[in-house]
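Q: The structure is given below, and queries will be raised subsequently.
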Amino acid sequence: MADNKNLQSVLTEKRLFAPQPEFVARARLDPERLQALHAAAARDHVGFWADLGRKELSWHTPFGKALDDSKAPNYQWFGDGKLNASANCLDRHLGAKGDKIAIRFEGEPGDRKNYTYKELHAEVCRVANALKSFGVKKGDRVVIYMPMVPEAVMAMQACARIGAIHSIVFGGFSSSSLKDRIEDAGAKVLITADGGHRAGHIVELKKAADEALSQGCKTIEKVLVLKRTRHEVAFDVKRDVWWHDVVGQQKPSCDPEWVDAEHPLFLLYTSGSTGKPKGIQHSTGGYLLGAMTSCQWVFDLRDDDVFWCTADVGWITGHSYVCYGPLANGATILMYEGAPTVPDAGRFWKIAQDHAVTIFYTAPTAIRALMKLGDDWPKKYDLSKLRLLGSVGEPINPEAWMWYHTVIGKERLPIVDTWWQTETGSIMISPIPGAVPTKPGSCTKPLPGIAVEVVDEAGEILRDKDAGGYLVVTKPWPSMLRTIWGDNERYLKTYWSQFHNKYYVAGDSTHRDEDGYYWILGRIDDVLNVSGHRLGTMEIESALVSHPKVAEAAVVGRPHEVKGESVFAFVICRGERPHGAEAEKLAKELREHVGREIGALAKPDDIRFADNLPKTRSGKIMRRLLRSIAKGEEITQDVSTLENPAIVAQLAGKA
Ligand code: WTA
């Protein structure tokens, strides 16, 4: 974007929701304690994190120096300390919490299994010993390509236990994505399953893994295969080993390998705006501290909670808020393998009821999808155990927020809209549920010890509270990414060079309002410039979705002779997709509606109705694709990562 000075937020959301007194009364952080944390961090940023690092983590060798910035922006935290992430997540709970349930699992077909901390520890040790028997050593990479089953968490913890670096590839990725990631990481072992259950089908994981390996991946020596779906799969006896054959025979104990705090805990590949996926490298000590403290602050995690983060372990949210954060806190997590609508649209709510879920953390795309299915589904189930709701992954439009608040939260539960990224490792900006009043659509304010600012095009920090521009982080934080695996140049270029290594550049544009609340407007290239007015696509989408006939909308810019850019909206209706005269009438109505909600300048020139949006399997809308369609370009992009590739023709107006 060219100039941020007049980045405008024209969506005026004035509703404010204060935490309920009964929540505040029991909260880990009330306004006073939160204020004390902010003050401590402001007084001594490094000392603040050093104190937390000593208090929250179990060290084998305590660290002396908390932050080493001699190679900035390759920062190092707690560098001379030694610890083990798995020992922090499991061993230290074996005394007081040994018989507490660590994982409650429900498969899509309805099978259930629980693991106590003792049982999980024993299983993790067995898997760790199995990996050792394959010759896996500290620093070796292990790729995990599995369904959302407890064994996926065991595999992660087992790697951490022996100092191997795991890299999870989301089970929805194709064989060629898997191959690229295995090769970039140079992995020695692949852990997979025969398949997984998803939306009533079997996800053919082993088949895709075999395809990937047949195309290259020369570094892979062994493939550990979990039997999950029990359908027939090909098996190469020289290379493949069944999980139940090898893991069951191992000893249920395995000494943790003590690693330096900076030892890489995992790589997680994420796509950039261009080029091949980046292997985001996270550390052991700093990462774990961020995941742990954010669980306490943002989710108010307590001993009697059942914490359900619906993210797959293939995404960062699944790393930090399924596996590492909650387990390091000794919490009970819920894992669900499948789709939210199998066998019917009440599945999520039934699970929440049956497992007495207290904290529910999901993505706006899921919230909107569930909203579209109607209020009757959640109303059928007893959701009275829920005490906190969360959202992550994209801006949540105020309409979806309000639905979450009223229908699921019964106007009583706090909602934490958490902003963060694969790169940040843990939550950066979010309400503290017992202390910060929320505004629908705003992720509110940075957490203690997280120094966020808004800067303009020249990198000047905008000191006014009310400001719009680039979101940057001005001080290093423990759970920050350390580098891009094998490509430190790209790390420097992508995240630091824009403002001369002074700030971490998140790549999001933001507006901060007069109360100091942050509103994420989207990725930098999601900002439109219409007649010299900068508009976040998300604001227009929210306006559209606030119309009673609209379920979901995606807005992109299209080059326009006079205005610079015009607004192109893809709209999904509640109920049937309108056609012909009916579509024209509704389009007109929607234009007027956006005009009323935001102003005439935001009215979409084009509105196209479709049955669905093009989404990646993680639920992100493929805006790049929509931009091409809006421009009328021939689609030459790879659509294989789409959840629903068939939708492309319809969006292009050809079906
Ligand atoms: C977006 C997911 C608005 C943002 C944890 C960010 C959000 C990108 C929010 C990172 C939120 C994430 N409000 N936008 N609460 N959370 N984003 O790496 O654009 O999959 O840069 O990490 O998602 O996506 P990632």
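Q: Quickly run through segment 572-604 and pick out the residues that are over 20 Å from R523 (Cα atoms), surrounded by 15 or more Cβ atoms within 10 Å (Cβ to Cβ) and aliphatic (A, V, I, L, M).
A: I572, A583, L586, A587, L590, V594, I598, L601
Q: Please state which one of K475, K445 is of a type in the set (D, E, K, R), touching a residue at least 40 places away in the same chain (Cβ under 8 Å) and touching a helix residue (DSSP H, G or I) at 6+ places or on another chain (Cβ under 6 Å).
A: K475
Q: So the check is Cβ under 9 Å with 6+ separation or different chains; which pairs have a first residue in segment 611-623 that's on the phi > 0 side of the Ramachandran plot and a second one that's away from the ligand (no atom under 16 Å from the Cβ) and not in a strand (DSSP E or B)?
A: Pairs found: G619/A369.
Q: Of the numbered conditions (1) surrounded by 23 or more Cβ atoms within 10 Å (Cβ to Cβ); (2) away from the ligand (no atom under 16 Å from the Cβ); (3) at pLDDT below 95, G434 fails exactly one; give the number of that condition.
A: Every condition holds for G434 apart from (3).
Q: Would you mind telling me which numbered condition in (1) within 12 Å of the ligand (Cβ to nearest atom); (2) more than 30 Å from P73 (Cα to Cα); (3) not in a helix (DSSP H, G or I) W401 fails?
A: Answer for W401: the failing condition is (3).
Q: Based on this model, can you work out whether G425 counts as within 14 Å of the ligand (Cβ to nearest atom), buried (at least 18 other Cβ atoms within 10 Å of the Cβ) and in a strand (DSSP E or B)?
A: So G425 fails the test.
Q: Show me the strands (runs of 3 or more DSSP E) found entirely inside segment 48-158 where at least 3 residues are closer than 15 Å to G285 by Cα and touching a residue at least 12 places away in the same chain (Cβ under 8 Å).
A: It comes to none.
Q: Identify, by number, the condition in (1) in contact with a Pro (Cβ under 6 Å, 6 or more places away or on another chain); (2) within 13 Å of the ligand (Cβ to nearest atom) that P414 doesn't meet.
A: The number of the failed condition is (2).
Q: Residues that are more than 30 Å from S70 (Cβ to Cβ) and within 12 Å of the ligand (Cβ to nearest atom): which strands (runs of 3 or more DSSP E) entirely in segment 439-533 hold 1 or more of them?
A: 504-512, 518-523, 527-530
Q: Now a separate question. In segment 112-126, which residue that is out of contact with any Phe, Trp or Tyr (no Cβ under 8 Å at 6 or more places or on another chain) and not hydroxyl-bearing (S, T, Y) is farthest from T229 (Cα to Cα)?
A: Ranking the candidates gives K118 first.
Q: Which of the residues that make up segment 611-649 are surrounded by 18 or more Cβ atoms within 10 Å (Cβ to Cβ) and over 21 Å from A339 (Cβ atoms)?
A: R623, L625, L626, S628, I629, A630, V648
Q: Restricting to segment 331-362, count the residues that are of a type in the set (A, V, I, L, M, F, W, C), touching a Lys or Arg at 6+ places or on another chain (Cβ under 9 Å) and surrounded by 20 or more Cβ atoms within 10 Å (Cβ to Cβ).
A: 8
Q: So, in segment 625-655, how many residues would count as being outside any loop (DSSP other than H, G, I, E, B), of a type outside the set (A, V, I, L, M) and either touching a residue at least 60 places away in the same chain (Cβ under 8 Å) or touching a His at 6+ places or on another chain (Cβ under 7 Å) (or both)?
A: Residues in segment 625-655 being outside any loop (DSSP other than H, G, I, E, B), of a type outside the set (A, V, I, L, M) and either touching a residue at least 60 places away in the same chain (Cβ under 8 Å) or touching a His at 6+ places or on another chain (Cβ under 7 Å) (or both): 1 in total.
Q: Please go through segment 376-398 and pick out each residue that is within 14 Å of A551 (Cα to Cα), outside any helix (DSSP H, G or I) and more than 15 Å from the chain's Cα centre (by Cα).
A: If the condition is that a residue be within 14 Å of A551 (Cα to Cα), outside any helix (DSSP H, G or I) and more than 15 Å from the chain's Cα centre (by Cα), then N397 is the only one that fits.
Q: Shifting gears a bit: Among the residues of segment 587-618, how many are of a type in the set (G, A, S) and in contact with an Asp or Glu (Cβ under 8 Å, 6 or more places away or on another chain)?
A: Within segment 587-618, residues that are of a type in the set (G, A, S) and in contact with an Asp or Glu (Cβ under 8 Å, 6 or more places away or on another chain) number 2.
The values are calculated or read from the model by the stated rules, or taken from the named source; none is laboratory data. Everything numeric in this text was worked out from a predicted model, so none of it was measured. A quick note on method: Cβ atoms are made from the backbone with ideal geometry, for glycine too, and the neighbour counts reach across all protein chains shown.
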